[in-house]
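The values are calculated or read from the model by the stated rules, or taken from the named source; none is laboratory data. Because the structure is predicted, anything quoted here is derived from the model rather than measured. So basically every Cβ, Gly included, is an ideal-geometry build from the backbone, and we count neighbours across all protein chains shown. Heads up: the accessible areas ignore ligands, DNA and RNA and are worked out on the full protein's heavy atoms, side chains in. Shrake-Rupley method; radii C 1.70, N 1.55, O 1.52, S 1.80 Å.
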Amino acid sequence: MTDGARAATLTGQPPREAETHCPYCALQCGMVLRDTDDGRIEVQPRQFPTNRGGLCQKGWTAADLLDHPDRLTTPLVRDPSGTLRPASWVAALDRIVDGLRTVQRAHGRDAVAVFGGGGLTNEKAYALGKFARVALRTRHIDYNGRWCMSSAAAAGLRAFGVDRGLPFPLTDLGRTDTLLLVGANPAETMPPLMRHVTDQRARGGRLIVVDPRLTATARQADLHLQPLPGTDLAVANALLHIALTEGLIDREYVAARTEGFDAVRRTVAEYWPAEVERLSGVPVADLEATARALGTAGSAMILTARGAEQHAKGVDTVSAYVNLALALGLPGRPHSGYGCLTGQGNGQGGREHGQKSDQLPGYRKIDDPAARAHVAGVWGVDPAELPGPGVPAYQLLDSLGTPDGPRALLVFGSNPVVSAPRAARVESRLRGLDLLVVADFLRSETAELADVVLPVAQWAEEDGTMTNLEGRVLRRRALRRPPPGVRTDLAVLADLAARLDAPDPVPAGPDAGPAVPAGGPVPGDSPGRFPTDPRVVFAELRRASAGGVADYAGVSWERIESADGVFWPCPDPDGPDSPRLFADTFPTPTGRARFHAVRHRPAAEPVCADYPLHFTTGRVLAQYQSGTQTRRVDALRRAAPHGFVELHPDLAARLGVGDGDEVRVASRRGELRAPARLSPTIRPDTVFAPFHWPGAARANSVTNDALDPVSGMPEFKICAVRVERA
């Protein structure tokens, strides 16, 4: 706690400064906010294990939105003429409740859906899942994190029995001998992470990057593999083929700690390096150099990110890299293993406690009777009253307004009009709803379509916890109260639940879990079903997660504050947390990690004469996600003012396109228009566009909505397009 925050606590006054974390990506860089005498809020980095005193441009400018002129400070309700106009909270909430009741009376409870976000705090994500299942009693809830890490999550669960992005602290990156990054560009997506890569290189470590583009990260690599988009799985199988052929496998580890290797060995025997070179374009020599660098190193790490995961075969692709890591004996060894670089700020915690369509708090499966009994006991409801599993995010959005789909949608912390695949279709679905409600602090493109928009607090105006890419639970601290007229998401949910007549909880039964642990309820807060104090909500979350895979029972705000966060699982308030997993066993029924034989298959949409080019998407340094926030920050807008289409000069010459010319990129689903940016570092058969902009430059107008059958992940990273000068 800073001196200013400590003094404020003693005097009962709002703090003049607060130690907190950046509101953007899952690195969750440590920072200090200071309320200056001239009314500004100053951002300063602080020494924290993930960022070690560094911030990116987005972090430095994060406070610019707190007093932005576009800030929403009053509810908006659409009038009969179709215009969003200011309204009172009473009128806005009454409109919502009347609409929800009308829809559910006419079409059933599942006619209402909830869509959350990976930027919500743990407390809000937990409360949102509870609200959907207890107050609305609908099975339809999912969140935009489904498009972030779900493929890696599913692969991790089936291999290791647990889904935690990094099963080791981020600082281990700096101490590994060989680091393989697959589909990851942290130099632009989370720049302070590169401090750990710099440490790794300074120690003499090798960095290998797999990416179709020569990104800012790939430029720093010792070796850059540049495969055709959609062929990462074949590359992984070829690497394991080479490791087997050259005797690089840790056979003792495989025999003692894993199962299912024989099927994988037989499968990868088919992936001759020369054949994979033909498929992917990666030279045999580079495949061999990569396998040897991993297999002969004293320690090695394999990290995947969205480039490898956002495919209709994303789970299998991640499984192929997990197979490689297991065969080399990496998971559980010092400074080694497999991990996933989570994208959104609370992409990890946001899915652990109830936003996903098939999960209850603690990473419990909603169709598991024991899990239902435990959580129902904490919530004070009959387990039979809890709805069953819903459908993943895109399927949910695509069903909106259809005869069998939801007729009303509540959106918290997401902007699917820009971020969803096949975005024009999703936008049309949203327009066809009987009721669309959006809670946000800015008028996003999705909010512009809403019947009711609710102004909610920003990150620096509310307390709570986040769980970063390492599985480290952190404290978000408020510097000041929300502006007049603005409420927290927890207060909104409590108000709606009260109006919907959510019953008071019944007395806790034997399945209710342990009593509220130390650091629990705060005197004066409502003890009812939907409390508004985040500390009370977190205490309940601890009870609900107790005994689950993601067990937070031993995590208290006080414990977080006494250290640099707490790693889950942490079941005992007096016991250790878990910064490193898998040293002795895996949380599977047998205690062994599980191999899964996987085969390469083509992209869901192959190129053809009409659509002869591959299209892929990603991020740029100065923007974030759908851009609702970052496009409003002057410094970031100057750094990246508009979208663009990156293409190779040879391709541009064939198309008659010059640098800066507006081009049209068309797929079977839609088109985007943006200036061309010529770069010799991209493959001549591939074009790239960032996905932060709406309107004509909306990249997701083009992307494919083909889904991974296991994770529900859309195929954002590859589809067939044609490009022409506009």
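Here are the numbers:
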quantity: Point-charge dipole on Cβ atoms (K/R +1, D/E -1) for the chain, about Cα centre, debye to 20; calculated: 540 debye
quantity: Cα-based Rg and Dmax for segment 252-298, where Dmax is the largest Cα-Cα distance (Å); calculated: 13.2, 36
quantity: Area of W60 that stays accessible when all protein chains are in place (1.4 Å probe, Å², to 10); calculated: 120 Å²
quantity: Equivalent-ellipsoid semi-axes of segment 191-306, from the Cα gyration tensor, Å, largest first; calculated: 24, 19, 12
quantity: Debye equation applied to the C-alpha atoms of segment 92-145, log10 I(q)/I(0) at 0.13, 0.23, 0.30, 0.31 Å⁻¹; calculated: -0.34, -0.90, -1.14, -1.16
quantity: Computed P(r) (all Cα pairs; segment 87-210; 10 Å bins; percent); calculated: 10, 26, 27, 15, 14, 7, 1
quantity: Residue-averaged [θ]222 nm for the chain, counting only DSSP H segments that reach four residues, each worth -39500 (n - 2.57); calculated: -8000 deg cm²/dmol
quantity: Sites matching trypsin sites (Lys or Arg not before Pro) across segment 167-271 that sit in DSSP coil, with at most 14 neighbouring C-beta atoms within 10 Å; calculated: R203
quantity: Protein-only accessible surface order, largest first, of R52, R480, R306 at 1.4 Å; calculated: R52, R480, R306
quantity: F644 - accessible surface, heavy atoms, 1.4 Å probe, Å² rounded to 10; calculated: 20 Å²
quantity: Semi-axes of the equivalent ellipsoid for segment 16-144, Cα gyration tensor, largest first, Å; calculated: 37, 21, 11
quantity: Distance-filtered residues of segment 114-135 - backbone nitrogen under 18 Å, label point 7 angstrom along E561 Cα→Cβ; calculated: 122-123
quantity: Within segment 581-624: backbone nitrogen closer than 14 Å to the E275 label point (7 Å, Cα to C-beta); calculated: 598-602
quantity: Dipole moment magnitude, nearest 20 debye, segment 564-676 about Cα centre, only Lys, Arg, Asp, Glu C-beta charged; calculated: 400 debye
quantity: Fraction of antiparallel bridges per DSSP, the chain only, in percent to nearest 5; calculated: 45 percent
quantity: Pairwise FRET efficiency - R109 versus R654, Cβ, R0 = 51 Å, nearest 0.05; calculated: 0.35
quantity: Cut-off 10 Å between beta-carbons: net charge of the residues surrounding H692, Lys and Arg +1, Asp and Glu -1; calculated: +3
quantity: Per-pair calculated FRET efficiency, R0 = 45 Å: R632 and D222 via Cβ, rounded to 0.05; calculated: 0.70
quantity: Whole-angstrom Cα spans of segment 603-644 along principal axes, big to small; calculated: 42, 16, 14
quantity: Rounded FRET efficiency, nearest 0.05, which uses the C-beta distance separating S679 from R46 and R0 of 45 Å; calculated: 0.80
quantity: Accessible surface, per residue, of segment 245-330 when the full set of protein chains is kept, probe 1.4 Å, Å²; calculated: 34 Å²
quantity: Area of W147 that stays accessible when all protein chains are in place (1.4 Å probe, Å², to 10); calculated: 20 Å²
quantity: Normalised per residue, the volume of the convex hull around the Cα set of the chain (Å³); calculated: 152 Å³
quantity: Relative contact order of segment 582-726, pairs being alpha-carbon contacts under 8 Å that are 6 or more residues apart, as %; calculated: 32 percent
quantity: Residues of segment 61-170: accessible area per residue with a 1.4 Å probe, Å²; calculated: 29 Å²
quantity: Net dipole in debye of segment 72-139 [+1 Lys, Arg Cβ; -1 Asp, Glu Cβ; about Cα centre; nearest 20]; calculated: 240 debye
quantity: Volume per residue of the C-alpha convex hull in segment 143-202, rounded to whole Å³; calculated: 110 Å³
quantity: Prolate/oblate/rounded label for segment 604-726 (Cα gyration tensor, a/c 1.5); calculated: oblate
quantity: If the convex hull is drawn through the Cα atoms of segment 293-431, its volume per residue in Å³; calculated: 165 Å³
